[in-house]
Amino acid sequence: MNLSLVIPTYNEEESLRPLAAWIKRVVETAGMSWEAIFIDDGSYDGSWNVIEELAKADGHIKGIKFSRNYGKSAALYAGFDAAEGDVVITMDADMQDSPDEIPALYDMIVRDGYDLVSGWKRKRYDPIGKTAPSKFFNLTARTISGIELHDFNCGLKAYRKNVVKNIEVYGEMHRYIPILAKQAGFRKIGEKVVEHRARKYGVSKYGWERMIKGYLDLLTVMFITRFGRSPMYFFGALGTLMFLVGGGITVYLIAVKLYLQSIGEPLRQVVDQPMFYLALTSLIIGVQLFLAGFLGELLNRRAPERNKYKIDGRI
């Protein structure tokens with residue numbers, strides 16, 4: 001099969017029929033063998049009824065129904081697991097992503113050899129309350145990850161099949177799939193300017209709480225990808241630094257006391273000085289961080305996937 005379309009859906013009853021018809025027209029004109037997998041993420045409108053209707057009318061359309069709303073990452077994970085196409089394209093169900101972009105995205109994977117192509121909605125039809133935080137968020141993600149993408153959160157993306165089969169998305173990690181893919185060894189990541197359409201049906205699911213979760217998840221994914229297999233490198237190094245700072249301050253205070261005693265100058269007791277408590281706090285935190293890294297290594301050693309590596313071939 002050439003193409004799998006993975007489409008998370010949450011209360012998008014009105015847009016599903018025109019979206020399915022548009023997709024069918026585009027991919028069949030391009031001569032692709034295809035499937036479209038709609039994942040109903042706990043909708044409480046008639047979205048699942050529409051998906052059932054579409055699936056009965058067209059064997060290319062499939063559906064997965066969650067019992068409640070788990071979030072977009074969970075929907076993508078279920079869709080990736082079910083996808084059978086050589087190329088997997090994700091898009092939102094609200095018709096703000098244009099299916100006309102599908103052939104070009106497909107060609108960038110198959111013809112140009114990209115592992116992942118992310119859409120860039122250069123011209124957007126969202127309110128400034130959504131676009132301004134998005135720009136700041138993308139700048140932060142681009143700076144931290146080193147991946148030169150302008151729109152990490154764009155739902156319109158294309159993947160080589162083995163990419164989606166070798167990454168795991170959960171929580172709100174769908175924003176950081178390019179980072180997860182890069183850390184999994186898929187480094188040819190491209191970008192394509194795509195059309196962003198004004199919302200015609202339904203309401204936006206975006207809120208400020210998603211922005212907060214996004215930044216927390218960015219820190220999480222960067223930590224996991226860099227130190228997930230060796231937590232001691234992070235906690236041990238930071239703990240050692242804190243311990244040395246505390247120890248250094250303690251040695252300094254004692255040295256000053258001994259010097260003042262030797263020349264007969266008045267002095268304060270070490271325990272009466274604020275710097276002593278700063279040193280004590282630093283020593284305690286340093287020990288705790290070092291122990292956290294040690295415990296992390298013990299847990300990591302018992303993890304069944306500790307020595308699980310992606311192997312592309314054997315001779």
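A probe of 1.4 angstrom, applied to the heavy atoms of all protein chains, finds residue 52 with accessible area near 80 square angstrom. Placing one identical point scatterer on every Cα of the chain and ignoring solvent, what is log10 I(q)/I(0) from the Debye formula at q = 0.07 Å⁻¹? Listed by q, the Debye log ratios stand at -0.40. Backbone amide hydrogens, once placed in the peptide plane, bring residue 6 within less than 5 Å of 37, 89, 90, 91, excluding anything fewer than 5 places away on its chain.
Counting only Cβ charges, +1 for Lys and Arg and -1 for Asp and Glu, the dipole size of the stretch 1-77 around its Cα centre is about 180 debye.
When 56, 123 are compared by accessible area of protein heavy atoms, the largest-first order is 56, 123, using a 1.4 Å probe. Selection among 255, 271, 73 by position relative to the dipole of the chain gives 255 as farthest towards the positive end (Cβ unit charges, Cα centre).
At a 1.4 Å probe, what is the % contribution of carbon and sulfur to the accessible area of the stretch 221-287?
On the way: 3200 of 4370 Å².
Roughly 73 percent of what the probe reaches on the stretch 221-287 is carbon or sulfur.
Would you tell me the accessible area of residue 12, worked out with a 1.4 angstrom probe on the heavy atoms of the protein chains, in Å² to the nearest 10? Answer for residue 12: close to 10 Å² accessible. Between the listed residues 60, 15, 299, the Cα displaced farthest toward the positive end of the dipole of the chain, a dipole computed from Cβ unit charges relative to the Cα centre, is found at 299. Based on DSSP H assignment, which helices of the chain show an axial Cα extent of at least 18 Å together with a mean Kyte-Doolittle hydropathy greater than or equal to -1.0? Helices meeting the span and hydropathy rule in the chain are 13-29, 128-145, 208-227, 231-262, 274-302. For the residue pairs 65/182; 24/121; 56/192, the alpha carbons lie more than 32 Å apart in 56/192. Counting only protein chain heavy atoms and rolling a 1.4 Å probe, the accessible areas of 223, 137 rank, largest first, as 223, 137. What the chain shows is 54 Å² of accessible area per residue, with the surface traced by a 1.4 Å probe over protein heavy atoms. Approximating the spin labels as points 7 Å out from Cα along Cα→Cβ, the residue 252-to-residue 1 distance works out to 6.5 nm. Each Lys and Arg adds +1 at its Cβ and each Asp and Glu adds -1 at its Cβ; summed about the Cα centre, the chain shows a dipole of about 780 debye.
In whole Å, how far is the Cα centre of the stretch 228-263 from that of the stretch 282-299? Going from one Cα centre to the other spans 15 Å. For residue 220, the accessible area of its heavy atoms, probed at 1.4 Å with every protein chain present, is near 50 square angstrom. Residue-wise HN-Hα couplings along the stretch 165-181, as the Karplus relation 6.51 cos²θ - 1.76 cosθ + 1.60 with θ = phi - 60° gives them from phi, are 7, 10, 10, 10, 10, 7, x, 10, 6, 4, 5, 10, 4, x, 5, 4, 5 Hz; Gly and Pro carry x. Under a 5 Å amide H cut-off, with hydrogens placed 1.01 Å from N, residue 194 pairs with 120, 121, 122 among residues at least 5 apart or on other chains.
The values are calculated or read from the model by the stated rules, or taken from the named source; none is laboratory data. Predicted model, so just to flag it, every value in this text is computed and none were measured. Note: ideal-geometry Cβ built from the backbone for every residue, glycine included; neighbour counts use all protein chains shown. Accessible surface areas use protein heavy atoms only, side chains included; no ligands, DNA or RNA. Shrake-Rupley method; radii C 1.70, N 1.55, O 1.52, S 1.80 Å.
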